[in-house]
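Below is one structure, written out as structure tokens, with a few remarks after it.
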Amino acid sequence: MKNIIASLLLASSALVSVNASDPVMIGRRGCGYAVENTAEAYHEGARRGFTMMEAHVRATADSVFVTSHDGKTDRLGGHMKIAASTIADLRSETYSQQRDSATYSGSTICTVGEFLDICKEKGVAPLLHLKTFSKDTKDCGHLSPLVGLIREKGMEGSCVILTSEPDYIEYLMATHPDIRLQYQADAKWQEMFEWSTARGLDVQIRADLVDADCVRRYHDAGVKVNVWTVNTPDEYSRLSNLGVDYMVTDYLCPESL
């Protein structure tokens, strides 16, 4: 199936307007060729040519930042709640996942520090997608330690932090103004347009919500548009022709474009 997608993409790329910009392809949770958000996914994503990769960020009970989309590990074969478990506890689990027609197994949880090390080694820009750390989004206590880790790894120049929480954005802009940010707007993009563009924030919007008017408005305001998740040649062509700046994908690797 993945080979078919790649072949179709190559064939359909000829239909893309020569005037369309080439978007940066972002490996979603690393890439679709390993257990998501694991070291194996990040290594494989880099090998397949991604120059930017996404990792979801959560914090353990002992305040270690780890890469996981879900708050629990059961979807990948575990049985723990990340916020209530220590990193040592989480390291005892191994994960497996079926993605498309392939099953991947044997992976363990990855820390954000390890993810940043992989990105630095491979020359890949990290996109740290923050999950909400607390029900009280004004509790921003985790954010400065996370920025400290980014600086410790020497990645502040290339790392981008993505969040849907305006409170996190306001805190980071006030306390760490040099850190690059993206706002996940999705269905709120029109409602939050003035707020985000006034702050010069690039935005992420779900692909089915993006049309020519949306892209034009953000570009006219001087900011970039990141869309997720783009896994088909048709969507790649449509969004490329609209001029989006980034696409998050599982399978459309730069080596296939």
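The values are calculated or read from the model by the stated rules, or taken from the named source; none is laboratory data. The structure displayed is predicted, hence computed values, not measured ones. Virtual Cβ from ideal backbone geometry, glycine too; neighbours counted across all protein chains shown. What goes into the accessible areas is simple: the full protein's heavy atoms, side chains included, and nothing from ligands, DNA or RNA. Shrake-Rupley method; radii C 1.70, N 1.55, O 1.52, S 1.80 Å.
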Checklist entry - How far apart, in nm, are the 7 Å Cα→Cβ label points at T108 and E194? => result 5.2 nm
Checklist entry - Taking θ as phi - 60°, what are the ³J(HN,Hα) couplings along segment 158-167 by the Karplus curve (6.51, -1.76, 1.60), each to the nearest whole Hz, with x for Gly and Pro? => result 10, 6, 10, 9, 10, 8, 9, 9, x, 4
Checklist entry - For R151 and S101, what is the calculated FRET efficiency with R₀ set at 51 Å and r taken between the beta-carbons, to the nearest 0.05? => result 0.80
Next on the checklist: Among 235-248, 209-222, how do they line up by average Cβ neighbours within 10 Å per residue, starting with the highest?
Outcome noted: 235-248, 209-222
Checklist entry - Top to bottom by accessible area (1.4 Å), largest first, where do M155, M192 land? => result M192, M155
Next on the checklist: So for each of 62-68, 226-232 I average, over its residues, the number of other beta carbons within 10 Å; can you give me the resulting order with the highest mean first?
Outcome noted: 226-232, 62-68
Checklist entry - Which distance in Å, rounded to a whole number, links the C-alpha centroids of segment 188-219 and segment 163-186? => result 15 Å
Checklist entry - Dividing the alpha-carbon Rg of segment 144-202 by 2.2 N^0.38 Å yields what? => result 1.15
Checklist entry - Per residue of the chain, what 222 nm ellipticity follows from adding -39500 (n - 2.57) for every DSSP H run with n ≥ 4, rounded to the nearest 500? => result -9000 deg cm²/dmol
Checklist entry - Based on the Cβ-Cβ distance of N241 and I87, what FRET efficiency does E = 1/(1 + (r/R0)^6) give at R0 = 45 Å, to the nearest 0.05? => result 0.50
Checklist entry - For the chain, rounded, prolate or oblate, judged on the Cα gyration tensor with a ≥ b ≥ c (square roots of eigenvalues), a/c < 1.5 rounded, else prolate if a/b > b/c? => result oblate
Checklist entry - For the chain, what's the relative contact order in percent, using C-alpha pairs closer than 8 Å and at least 6 residues apart? => result 24 percent
Item to check | Length gained when the stretch R206-T94 is fully extended (0.36 nm per residue, less Cα-Cα span) | outcome: 37.2 nm
Next on the checklist: If each residue of separation counts as 0.36 nm, what is the full-extension length gain between D136 and D70 once their alpha-carbon separation is subtracted?
Outcome noted: 21.9 nm
Next on the checklist: Tell me which of I205, L146, T163 sits at the most positive position along the dipole axis of segment 126-217, charges placed on C-beta atoms (Lys, Arg +1; Asp, Glu -1).
Outcome noted: L146
Checklist outcome for this item: Of all DSSP beta bridges with both partners in the chain, the antiparallel percent, nearest 5, is 30 percent
Checklist entry - Within the set K122/K153; K153/K224; K120/K188, which residue pairs have Cα atoms separated by over 23 Å? => result K153/K224; K120/K188
